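The values are calculated or read from the model by the stated rules, or taken from the named source; none is laboratory data. This is a predicted model, so every value here is computed, not measured. Virtual Cβ from ideal backbone geometry, glycine too; neighbours counted across all protein chains shown. Areas reflect the complete protein model, heavy atoms only, side chains present, ligands, DNA and RNA absent. Shrake-Rupley method; radii C 1.70, N 1.55, O 1.52, S 1.80 Å.
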Amino acid sequence: DPEGSLSLVDELIGEALYDAGMSDERLVGIGVGVPSPVNPKHPGKASPLVMPRWRDVNITARLGEVHSCPVLVDNDANLGALAELWWGKGVGARDLVFIKVGTGIGCGHIIHGDIYRGATGVAGEIGHLTLDPNGPPCVCGLTGCLATYVGTDALLARTREALMSAPHSMLTTDSLDIGTLVGAAYGEDPVALRMIADAGRRLGTAIASLVNLNNPGQVILGGGLMRAGDLLLEPLRDTLRRRTLWLALDDFTIDVGALGERDIAIGAATLALKG
């Protein structure tokens, strides 16, 4: 709901200013994160393929009508990368990658200290890296993308399918979400453990390709699935070791982000500060 969402943004900005005892004129800028590529040539617009109802909405113009300050829009994973670079696990780094595992799988690149967006804002779309060309169809129009295996909706759908032949699992299909899946894995439920480990291996395969190609010094992971901790990270790291050129792993780290669920919001505020 574009209009409802933007009206809520206006309302929450007003509440924040009121709580701080500040007027709108004191705003340095507004940073906005969207779960979509953002083309630098059309910086106020989300991708109509990913967010079709926002096709004719210019976020920059819409918020700029109400607030007399710069409005900056960027992809959510780019902002997660920026937040970790300034305030989190990436402080002091020059080259890092932030990967956000949610409904989709976003990826933000920091190269020589700056966000790298590519020619049309699509750099880092690791969620659409092909794991199996004969795999399931993806919302992007391709097949076998990483997101069709590890994205939240896809992972939960595969779990529901696995539960059909596992009647003794503590999981149930009607109350399944990432939180209950992770909780069941910590409770040593075999279906949950298998799903989490498989997600880790598939993520590891995709990240290995990224590390071989771009040679970042650090990969930082975010999103709700990271609550699985070592249940996810151990198979991920094992796959990474087996599929990555040994020299690319020299002086390389992979960590869960330090900023938790606020990482994208902190990145959006940082974008406004950075200007």
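General remarks:
- Residues that are open to solvent by 60 Å² or more (accessible area, probe 1.4 Å) and aromatic (Phe, Trp, Tyr) are absent from segment 134-155.
- Condition broken by Asp10, with the remaining ones in (1) acidic (Asp, Glu); (2) outside any helix (DSSP H, G or I); (3) open to solvent by less than 80 Å² (accessible area, probe 1.4 Å) satisfied: (2)
- Tabulated pairs, segment 140-162, first aromatic (Phe, Trp, Tyr), second part of a helix (DSSP H, G or I) and open to solvent by 10 Å² or more (accessible area, probe 1.4 Å), C-beta under 6 angstrom, 6+ apart or interchain: Tyr149/Arg202
- One residue from Ala248, Ala185 being out of contact with any Asp or Glu (no Cβ under 7 Å at 6 or more places or on another chain), at pLDDT below 95 and not basic (Lys, Arg): Ala248
- Single residue of Asp19, Asp56, Asp74 found to be closer than 25 Å to Gln218 by Cβ and among the acidic types (Asp, Glu): Asp74
- Extreme residue, least open to solvent (accessible area, probe 1.4 Å), among residues of segment 165-211 that are on the phi < 0 side of the Ramachandran plot and of a type in the set (D, E, K, R): Asp189
- Enumeration of residues in segment 225-263 that are in a helix (DSSP H, G or I) and open to solvent by less than 30 Å² (accessible area, probe 1.4 Å): Leu225, Met226, Ala228, Leu232, Leu233, Pro235, Leu236, Thr239, Leu240, Ala248, Asp263
- Restricting segment 59-77 to residues that are out of contact with any helix residue (DSSP H, G or I) (no Cβ under 9 Å at 6 or more places or on another chain) and in contact (Cβ under 8 Å) with a residue 12 or more places away in the chain, the residue that is surrounded by the most Cβ atoms within 10 Å (Cβ to Cβ) is Asn75.
- Verdict on Asp1 being in contact with a His (Cβ under 8 Å, 6 or more places away or on another chain) and open to solvent by 10 Å² or more (accessible area, probe 1.4 Å): no
- Of the residues contained in segment 36-57, one or more are found to be over 17 Å from Gly267 (Cα atoms), open to solvent by less than 70 Å² (accessible area, probe 1.4 Å) and of a type in the set (Val, Ile, Thr).
- Only helices (runs of 4 or more DSSP H) whose full extent lies in segment 152-222 are considered here, and the ones with at least 1 residues that are of a type in the set (Phe, Trp, Tyr) are 178-186.
- Top-ranked residue in segment 22-35 [being surrounded by 15 or more Cβ atoms within 10 Å (Cβ to Cβ) and in a loop (DSSP other than H, G, I, E, B); ranked as modelled with the highest pLDDT]: Gly29
- Residue that is surrounded by the fewest Cβ atoms within 10 Å (Cβ to Cβ), among those in segment 78-125 that are acidic (Asp, Glu) and part of a loop (DSSP other than H, G, I, E, B): Asp95
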